[in-house]
1. Kindly rank 166-174, 146-154, 66-74 from highest to lowest mean number of other beta carbons found within 10 Å of each residue.
2. If R0 is 25 Å, what FRET efficiency do you get for SER165 and SER56 from their C-beta distance, rounded to 0.05?
3. Multiply the residue gap between ILE117 and ALA322 by 0.36 nm, knock off their C-alpha separation, and tell me the result in nm, one decimal place.
4. For PHE326, PHE259, what's the fewest-to-most ordering of other Cβ within 10 Å of each Cβ?
5. Would you please calculate the Kirkwood hydrodynamic radius of region 59-327 over all C-alpha pairs and express it in Å, rounded to one decimal?
6. Can you check what the net charge comes to around ILE295, using other residues whose Cβ is under 11 Å from the Cβ of ILE295 (Lys, Arg +1; Asp, Glu -1)?
7. Helix hunt in the chain: which complete DSSP H runs extend at least 30 Å axially by C-alpha with mean Kyte-Doolittle at least -1.0?
8. In a solvent-free Debye calculation with one equal scatterer on each Cα, what is log10 I(q)/I(0) for region 48-178 at q = 0.12, 0.13, 0.22 Å⁻¹, listed in the order of the q values?
Amino acid sequence: MALDSAPAEPLQDVDQLSGPRPAGLAGWLRRADFLEVLVIIAVFVVIVLLTPGFFSVGNIRAILESASVTGVVAVTATLVTLSGNFFSLSTQQSCIFSAVLFAAMIGHGWAVPIALIVVLAAVTLCGVVQGVVVAAGLNPIITTLAAGSIILGGVAGVTQNASVSMGSRSVAWLGIDQFHGVPVAVIVFFVVTAAVWWVAEKTTLGRRTLLSGANRATAEISGISIATVTIWAFAIAGFGAAVAGILTASEIGYANTTFFGTATFDVIAAILVGGTAIQGGYGSPLRSAYGAVFISVINNAMLAHQFSGGEQQALEGALVLAVIIFLQSPVFRGRR
């Protein structure tokens, strides 16, 4: 029988295509490129040496708390990149929608658990809709850019760009309260990171996501539904944006359309600084988590040295760009 006439047999175990995957921390260290780790460590050491009191408990807590919101979104959005769909450019708008909706519901007397469920479901649904459109064949960049405009336009139209207050009710325990000295936002960051890492590394969905980004043709031949992978990736990214909006609104006590001004840039930077490949198929939510912490460390150091807002943005952009260019360069990627 000719080879091209043989029926394709879907693989039951995606690992047959993606190869052996070392388990645990040791496996992650074996997969990480030495140069990538060296670059991050070198920048970190320079910052530590130039910033007195960097390792104080209060400063470390501030760094992690600052990284939490960006980290939650970056970790959940990593699956979009891993699946070969580049990035979501509706991150900022989805976070704003979440924050405004949660603040409005709390301000109108909704019970906190109900408000949480509704907001998480609504913003996740926005992610699902974008995933469906992308799965239908539309470009993910154009789709999410358009979705962001629709979401922000809708929120701005309803609120008239005014701040939405929670009134006299306080849900600060979701944002700034601490549990045994650890801010709740940081705990949420760690929990979300662990959960998404488990999905990416230990489940069939995660392995299919990686394979879809690494080799879409092979994934389709093996019987993997690219549409299902895409929809799930965008749904999880939407969930992360919902969590970020809730945390921010809870901490501040109100929400408006000016929130999350640099969220999209920060999230993309965290994903790429963490070493996840732009084209997909290589990376990890855990990498995006330490990418978010790395960016927070840079911002923290600039604040300690009293840089102006413009100087902070310029230097952060330059450092992040330099790291991304290095980590995503063909020469470096060829070492993987």
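Bear in mind that the values in this text are calculations on the coordinates, not laboratory data. All of these numbers come straight from a predicted model, not from anything done at the bench. Cβ sites come from the backbone with ideal geometry, for glycine too, and all protein chains shown count toward neighbours.
1. Working: 166-174: 14.9, 146-154: 16.6, 66-74: 28.9.
Ranked by mean Cβ neighbours within 10 Å, highest first: 66-74, 146-154, 166-174.
2. Details: r = 34 Å, r/R0 = 1.38.
FRET efficiency, SER165 to SER56: 0.15.
3. Numbers: separation 205, 0.36 × 205 = 73.80 nm, distance 4.02 nm.
Value of the extension gain: 69.8 nm.
4. Values: PHE326 13, PHE259 20.
Lowest count first: PHE326, PHE259.
5. 18.6
6. Values: positive: none; negative: ASP266, GLU316.
Spelling it out: positives minus negatives among the neighbours equals -2.
7. Working: long enough: 57-82 (34 Å, 1.39); 112-135 (34 Å, 2.55); 226-252 (39 Å, 1.71).
TM-like helix candidates: 57-82, 112-135, 226-252.
8. Evaluating at q = 0.12, 0.13, 0.22 Å⁻¹ gives log10 I(q)/I(0) of -0.62, -0.70, -1.29.
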